[in-house]
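The values are calculated or read from the model by the stated rules, or taken from the named source; none is laboratory data. Source: prediction; values computed, not measured. Note that each Cβ is placed from the backbone with ideal geometry, even for glycine, and that neighbours are counted across all protein chains shown. Quick note on the areas: whole protein, heavy atoms, side chains included, nothing else; ligands and nucleic acids left out. Shrake-Rupley method; radii C 1.70, N 1.55, O 1.52, S 1.80 Å.
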Amino acid sequence: MAKKLFIKTYGCQMNVYDSARMAEALAPLGYDMVDEPAGADMVILNTCHIREKASEKVFSELGRLRDLRDERAPGAGPMLIGVAGCVAQAEGEEILRRAPQVDLVFGPQTYHRLPELVARAARGERALDTDFPAEDKFDALPARPRKSPATAFLTIQEGCDKFCTFCVVPYTRGAEFSRPVENVLDEARALAGGGAREITLLGQNVNAYHGRGAGGDAAAEEGLGGLIRRLACVEGVERIRYTTSHPRDVDEALIATHRDVAELMPFLHLPVQSGADRILAAMNRRHTADDYRRVVDRLRAARPDLALSSDFIVGYPGETEAEFEATLRLAEEIGYAQAYSFKYSPRPGTPAANSSEQVAEPVKAERLARLQDSLNRMQSAFNEASIGQEMPVLFERRGRRPGQFIGRSPFMQSVHVEGAGDLLGQTLPIRIAASHPNSLTGEPVAALAATVRSPGRAGLQA
Ligand code: SF4
């Protein structure tokens, strides 16, 4: 009888990708994914360590799972509880000490060993595996499933060597590692063969990618630009995206790829964190605000319609009002289509956490509100400027209303359309009719309107 598996995923797209691969690694053991922990035979929390209180959230969730397990029907068999991801990597032993209900703890680099870890847990042995193994976990994972959603993530690079002073990633994900070119292309072919039309390449520092084995030549190395050019030749791949980048790794080859490769979408997430040089230096970002401006200028020269998004941290230790205003100015100068902004939160084990110049919470909150006000105005202006435009939208899921479909514009905007028939996996020209803070609504362009009925325009024929 099939066993039920529930995975709760926190944090970044790489955790989303890892959760999908964990489910694939457990499928041969008879586990099918379910949407709820209640009644599951195994529950895995795939955790994120980026924000404050990350581990406390995990422990409270584990408390709820203990209760759920205690309420299981007699004879229902054991419910295994596992903790994965970056909190598991950083605090594995602490989790086993504080949470006796946990059966297995494993890090982002060892989930390919899940079958063995589950076997040990089923024998009643609590398993902990937070190694950084020599073997390439991707080689040990089963092939991707035959069916894929219209949009898919594909991890090509892991770890980070940058050691920004506020970040735990180098400690939880380890040193930078780039997957061999042919392995990435094989996985892309499998995803596209299964129906994926858009592939997002993932890495903590994705544009530091330098994969070996290009064209089967072990010595030949390929950067991200070159990999994208090869990926664009994979049958079925219509759209390519990549995230997350570091400004210092945007090289000429990548910029030229934005100019030349139509499949590469005109949207780039390029974190800057701060607009003040003294703060950027304290963060160990090793670039100035002007370096960042120059990178953006070169990218926009290559691809004039390129839309940008970014990450910002306000209230980094020692940040003055003038330095915060430099961040505001930089953001308004660049003009972002989207952006993520956070209050600085001290992360255990990171250099900045020990600083004696911590900024007061109310000051952080006030600065964050001002920055978000500015970023939200930019995003609304970007969306409003889309009204009346015609853009290709790839439909990836159904909306809440019957006949409603939700897709992505090339600029990563969410686009809602009412349609007849099944639009999933199709890329259709859509005229944008209205904009909202975080999404757009649109209508299929007349030529196709016959097959797709828009609000109030019933009965058009092909
Ligand atoms: S480059 Fe990104 S992942 Fe790497 S240390 Fe800095 S913030 Fe963290």
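Stokes-Einstein D for the stretch 300-372 at 4 °C, 1.567 mPa s, Kirkwood Rh over Cα pairs, in µm²/s?
Values: Rh = 13.5 Å.
Approximately 96 µm²/s, per Stokes-Einstein.
Which order do the peptides 94-100, 38-44 come out in when sorted by mean C-beta neighbours inside 10 angstrom, highest first? It would help to have the intermediate numbers written out before the result.
Values: 94-100: 14.6, 38-44: 21.1.
Descending packing order for the listed peptides: 38-44, 94-100.
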What list of ³J(HN,Hα) couplings, whole Hz, do you get for the stretch 178-185 from phi and the Karplus terms 6.51, -1.76, 1.60, once you set θ to phi - 60° and write x for glycine and proline?
10, 6, x, 3, 5, 5, 5, 5
Burial ranking of peptide ranges 291-297, 131-137 (average Cβ count within 10 Å, highest at the top)
291-297, 131-137
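Tell me the net charge near ASP103. Cut-off is 12 Å between Cβ atoms, ASP103 excluded, with +1 for each Lys or Arg and -1 for each Asp or Glu. Don't skip to the end; give the middle numbers.
Values: positive: ARG66, ARG69, ARG120, ARG123, ARG126; negative: ASP41, GLU125.
Neighbourhood net charge equals +3.
Over all distinct Cα pairs, what is the inverse of the mean 1/r for the stretch 143-265, reported as the Kirkwood hydrodynamic radius in Å? It would help to have the intermediate numbers written out before the result.
Working: mean 1/r = 0.0681 Å⁻¹.
Hydrodynamic radius (Kirkwood, Cα only) of the stretch 143-265 equals 14.7 Å.
In Å², what does the accessible area per residue of the chain work out to with a 1.4 Å probe? Mind dumping the intermediate values first?
Details: 19770 Å² over 462 residues.
Accessible area per residue, the chain: 43 Å².
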Gyration tensor verdict on the stretch 15-169 (Cα atoms; rounded if a/c is under 1.5, prolate if a/b is larger than b/c, oblate otherwise)
oblate
Distance in Å, no decimals, from the C-alpha centre of the stretch 287-337 to the one of the stretch 67-94 is 42
Gain upon complete extension [ASP32, THR288; 0.36 nm per residue less C-alpha separation]:
87.3 nm
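Please get the size of the charge dipole for the chain, origin at its Cα centre, with Cβ charges of +1 on Lys and Arg and -1 on Asp and Glu, quoted in debye to the nearest 20. List each step's numbers first, then the result.
Working: 56 positive and 62 negative charges, 199 e Å.
It comes to approximately 960 debye.
Per the Kirkwood treatment, what hydrodynamic radius in Å, one decimal, follows for the stretch 1-83 from the mean inverse distance over all distinct Cα pairs? All intermediate terms of the calculation are to be shown ahead of the outcome.
Working: mean 1/r = 0.0746 Å⁻¹.
So the Kirkwood estimate lands at 13.4 Å.
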Could you tell me which of MET1, ASN46, ALA25 has its Cα farthest along the dipole of the stretch 1-51 towards the positive end, charges placed at Cβ (Lys, Arg +1; Asp, Glu -1), taken about the Cα centre?
ASN46
Order of 306-317, 253-264 by packing, highest average Cβ count within 10 Å first?
306-317, 253-264
Of the options ALA188, LEU306, ILE432, report the single residue whose Cα projects farthest towards the positive end of the charge dipole of the chain (beta-carbon charges: Lys, Arg +1; Asp, Glu -1).
ILE432
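Taking the Cβ-Cβ separation of ALA134 and ARG66 as r and a Förster radius of 35 Å, what is the calculated FRET efficiency to the nearest 0.05? It would help to have the intermediate numbers written out before the result.
Working: r = 36 Å, r/R0 = 1.01.
Calculated transfer efficiency: 0.50.
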Given charges at Cβ of Lys, Arg, Asp, Glu: the chain dipole, positive-most of ALA76, GLY419, VAL296:
GLY419
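Calculate how many DSSP beta bridges within the chain are antiparallel, expressed in % of all such bridges and rounded to the nearest 5. All intermediate terms of the calculation are to be shown ahead of the outcome.
Working: 25 of 67 bridges.
So the antiparallel bridges in the chain amount to around 35 percent.
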Simple Cβ-charge dipole of the stretch 199-273, Lys/Arg +1 and Asp/Glu -1, about Cα centre, in debye nearest 20
180
Obtain the radius of gyration and the Kirkwood radius of the stretch 185-329 from its C-alpha atoms and give Rg over Rh.
1.04
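With +1 on each Lys and Arg Cβ and -1 on each Asp and Glu Cβ, how big is the dipole of the stretch 3-129 about its Cα centre, in debye rounded to the nearest 20?
Values: 17 positive and 19 negative charges, 22 e Å.
For this selection, approximately 100 debye.
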Would you pull out the residues with amide H under 5 Å of LEU440's amide H, same chain only if 5 or more places away, H placed 1.01 Å from N?
SER414, VAL415, HIS416
Take the Cα radius of gyration of the stretch 390-444 and divide it by 2.2 N^0.38 Å, with N its residue count; two decimals is plenty.
0.96
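What percent do you get for the relative contact order of the chain when only Cα pairs under 8 Å and 6+ apart count?
Values: 942 pairs, mean separation 42.3, N = 462.
Once normalised by length, the contact order is 9 percent.
Mind checking Rg over Rh on the chain, alpha carbons, Kirkwood formula for Rh?
Numbers: Rg = 23.2 Å, Rh = 23.9 Å.
Value, to two decimals: 0.97.
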